[in-house]
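Novice: Right, I'll just put the structure down here and ask away after.
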Amino acid sequence: MYVIDASVFLSGFFNYEPYYEESQKCLDYFKENFSIPIFLPEFVIPEVGCVITRMIKKPKLGIEFAKSLREFLNFKFIPIDRHIADLSLEIGSILYLRGADAIYVAVAYNFNSTLISLDKEHLKKAKKLIRVIHPKDFFIFH
């Protein structure tokens, strides 16, 4: 079971990103292996869509891409309910994470899942609590 940070989706979208190929391979793997559960905080949709729109100035494309994430059969979208919010607050406070970063860690923690992320804060701090891997290392560990 996995949680994928928005950074991986964004890196897999923009072909000029340093880890574009690794992110794309990782996402393609999950498209093909749809029996592997992926837990995502529901807010990944606006997070990804809004970044894409800001970067390329094409709202329709940003919205379409973000909504297309719902087409992955194995993606389970997790609402930010009271439990996840409180868990994020506790984890973020203990690990000194930003709110959005804490939510991804809380979802991974809650579902005993590995977080796949390019975020340096995740890779450095969250490993104290959960398993975190970079997309370039995904196939080494999987």
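Novice: Using the structure shown, decide if Ser7 is modelled with pLDDT under 95 and either of a type in the set (Phe, Trp, Tyr) or closer than 20 Å to Ile133 by Cβ (or both). Walk me through it before giving the result.
Specialist: Working: modelled with pLDDT under 95: no; either of a type in the set (Phe, Trp, Tyr) or closer than 20 Å to Ile133 by Cβ (or both): yes.
So Ser7 does not fit the description; no.
Novice: If you don't mind, there's one more thing I want to ask. Failed condition for Phe139, given (1) within 14 Å of Leu40 (Cα to Cα); (2) among the aromatic types (Phe, Trp, Tyr); (3) surrounded by fewer than 16 Cβ atoms within 10 Å (Cβ to Cβ), with all others met?
Specialist: Failing condition for Phe139: (1).
Novice: Go through the range 28-50 and count every residue that is over 20 Å from Asp101 (Cβ atoms) and either under 14 Å from the mean Cα position of the chain (by Cα) or modelled with pLDDT of 95 or more (or both). Break it down into steps so the answer makes sense when it comes.
Specialist: Taking the range 28-50 as the starting set, the residues that turn out to be over 20 Å from Asp101 (Cβ atoms) are 28-37.
Okay, now just the ones that are also either under 14 Å from the mean Cα position of the chain (by Cα) or modelled with pLDDT of 95 or more (or both), so 30, 37.
The total comes to 2.
Novice: Quick one: would you say Ile52 is touching a Lys or Arg at 6+ places or on another chain (Cβ under 7 Å), of a type in the set (Val, Ile, Thr), over 14 Å from Asp137 (Cα atoms) and surrounded by 15 or more Cβ atoms within 10 Å (Cβ to Cβ)?
Specialist: no
Novice: For the range 23-39, state whether one or more residues are in contact with an Asp or Glu (Cβ under 8 Å, 6 or more places away or on another chain) and over 25 Å from His83 (Cα atoms).
Specialist: Of the residues in the range 23-39, the ones in contact with an Asp or Glu (Cβ under 8 Å, 6 or more places away or on another chain) are 23.
From the residues that got through so far, the ones that are over 25 Å from His83 (Cα atoms) too are 23.
Looking for residues that are in contact with an Asp or Glu (Cβ under 8 Å, 6 or more places away or on another chain) and over 25 Å from His83 (Cα atoms), one finds at least one in the range 23-39, hence yes.
Novice: For Leu129, all conditions in the list (1) closer than 16 Å to Ser11 by Cβ; (2) touching a residue at least 12 places away in the same chain (Cβ under 8 Å); (3) out of contact with any strand residue (DSSP E or B) (no Cβ under 9 Å at 6 or more places or on another chain) hold save one; what is the number of the exception?
Specialist: So the condition that Leu129 fails would be (1).
Novice: I need a count of the residues in the range 58-97 that are at pLDDT below 95 and part of a loop (DSSP other than H, G, I, E, B).
Specialist: 4
Novice: In the list Pro18, Pro37, which residue meets the criterion of being closer than 18 Å to Leu123 by Cβ and not small (Gly, Ala, Ser)?
Specialist: Pro18
Novice: Here is a follow-up. Which of (1) assigned to a helix (DSSP H, G or I); (2) free of Cβ contacts under 8 Å to residues at least 60 places away in the same chain; (3) out of contact with any Pro (no Cβ under 8 Å at 6 or more places or on another chain) is the odd one out, the single condition His122 does not satisfy?
Specialist: It fails just one condition, (2).
Novice: Moving on to the next point. Being loosely packed, with under 15 Cβ neighbours inside 10 Å and over 23 Å from Ala108 (Cα atoms), is that true of even one residue in the range 19-38?
Specialist: yes
Novice: Under the condition of being of a type in the set (S, T, N, Q) and touching a residue at least 24 places away in the same chain (Cβ under 8 Å), which residue from the range 22-67 is nearest to Ser88 (Cα to Cα)?
Specialist: At the first step, the residues of the range 22-67 found to be of a type in the set (S, T, N, Q) are 23-24, 33, 35, 53.
Now drop any that are not touching a residue at least 24 places away in the same chain (Cβ under 8 Å), which leaves 23, 33, 35.
Numbers: Ser23: 25, Asn33: 29, Ser35: 27 Å.
Among them, the one singled out is Ser23.
Novice: Quick check on my filter: what residues within the range 76-100 are within 13 Å of the chain's Cα centre (by Cα) and either on the phi > 0 side of the Ramachandran plot or in contact (Cβ under 8 Å) with a residue 40 or more places away in the chain (or both)?
Specialist: Ala100
Novice: Right, something else. If Ser68 meets every condition in (1) among the hydroxyl-bearing types (Ser, Thr, Tyr); (2) farther than 18 Å from Ile133 by Cα; (3) surrounded by 15 or more Cβ atoms within 10 Å (Cβ to Cβ) apart from one, which number is that one?
Specialist: All conditions are met except number (3).
The values are calculated or read from the model by the stated rules, or taken from the named source; none is laboratory data. Predicted model, so just to flag it, every value in this text is computed and none were measured. Quick reminder, even Gly has a Cβ in these numbers, built from the backbone with ideal geometry, and neighbours come from all protein chains shown.
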